[in-house]
1. Would you mind stating whether Gly102 is under 13 Å from Val50 (Cα atoms), at pLDDT 90 or above and surrounded by fewer than 14 Cβ atoms within 10 Å (Cβ to Cβ)?
2. Out of (1) at pLDDT 95 or above; (2) crowded, with 17+ Cβ neighbours inside 10 Å; (3) not aliphatic (A, V, I, L, M), the odd one out for Phe55 is which?
3. Looking only at residues that are among the aliphatic types (A, V, I, L, M) and under 21 Å from Leu92 (Cα atoms) in segment 15-46, which one is modelled with the lowest pLDDT?
4. Output the qualifying pairs, or none if there are none: Cβ atoms under 6 angstrom, residues six or more apart or on different chains, first residue in segment 116-137 and touching a residue at least 12 places away in the same chain (Cβ under 8 Å) and assigned to a strand (DSSP E or B), second residue surrounded by 10 or more Cβ atoms within 10 Å (Cβ to Cβ) and of a type in the set (S, T, N, Q).
Amino acid sequence: MSEGALVNTSAVRWPDPVLAGVTVRSMQIKLHRWAGEDSSRRFGDLFSLVYDPAFLVVAWQRVSANKGANTAGIDKVTAAWVGAVIGVGVFLGHIRDSLKSGEFRPVEVRQVMIPKGSTGKFRKLGIPAIADRVVQASLKVNIQLFGGVAADRRLRGSGAGAVLAAG
C-alpha cells in the first residue's frame, strides 16, 4: 500500500477551491451535454453529486462569500465560526456523512422581523442554519444545469425561440 493511500474508505480529501470549481464545472458541462443529446436520458444517481467533495466545497464557497455568511441561523453558527472553531473540512465532512447516510435533516429556520420598505410595516425573514445553506447551495449547483437544458429545449421551438436558438 502506498504512503498516501487512504486507509479509511470514508476519509475524504477536500479539493482546494480552484480545483473544486474546475471539477464541478467540467461535470456540469458533461451532464449538460448528455442531457441535451438525449432528451429521454435518465440520470439515476445525481444525489451523489450533492455530497461530492468538490460540489460541497463550491457550495461552501458560495455560502461563506455571501453577504449573509455572518448571520447565524437558529443554531447560532456563522461561516466565520465554522472556519475558526470547527474547521471547514470537518464541517463539510459532517454534512457529507449525514447526506450519504440519509440522516441529514434541515433544522427550523430562525425568523426575524425586518422592515418592509418605508411603510413602517414589517415582514418575516427566515434564516436557515449554515449547514442547510450549504446543502441548498450544492443542490442549486446541480439543479441549475438541468434548468439550462430545459430552457435550451424550449428555445429550439418555433417562432421567436427558433431565432434565439439560432443566434
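1. On the way: under 13 Å from Val50 (Cα atoms): yes; at pLDDT 90 or above: yes; surrounded by fewer than 14 Cβ atoms within 10 Å (Cβ to Cβ): yes.
Yes.
2. Result: Phe55 passes all but (1).
3. Quick first cut of segment 15-46, residues among the aliphatic types (A, V, I, L, M) only: 18-20, 22, 24, 27, 29, 31, 35, 46.
So of that shortlist, the ones also under 21 Å from Leu92 (Cα atoms) come out as 18-20, 22, 24, 27, 46.
Details: Val18: 90, Leu19: 90, Ala20: 91, Val22: 91, Val24: 88, Met27: 86, Leu46: 79.
Looking at residues that are among the aliphatic types (A, V, I, L, M) and under 21 Å from Leu92 (Cα atoms), I get Leu46.
4. Lys124/Gln111; Gly126/Gln111; Ile127/Thr71
The values are calculated or read from the model by the stated rules, or taken from the named source; none is laboratory data. Remember, predicted model here, so these are calculated numbers, not experimental data. Cβ sites come from the backbone with ideal geometry, for glycine too, and all protein chains shown count toward neighbours.
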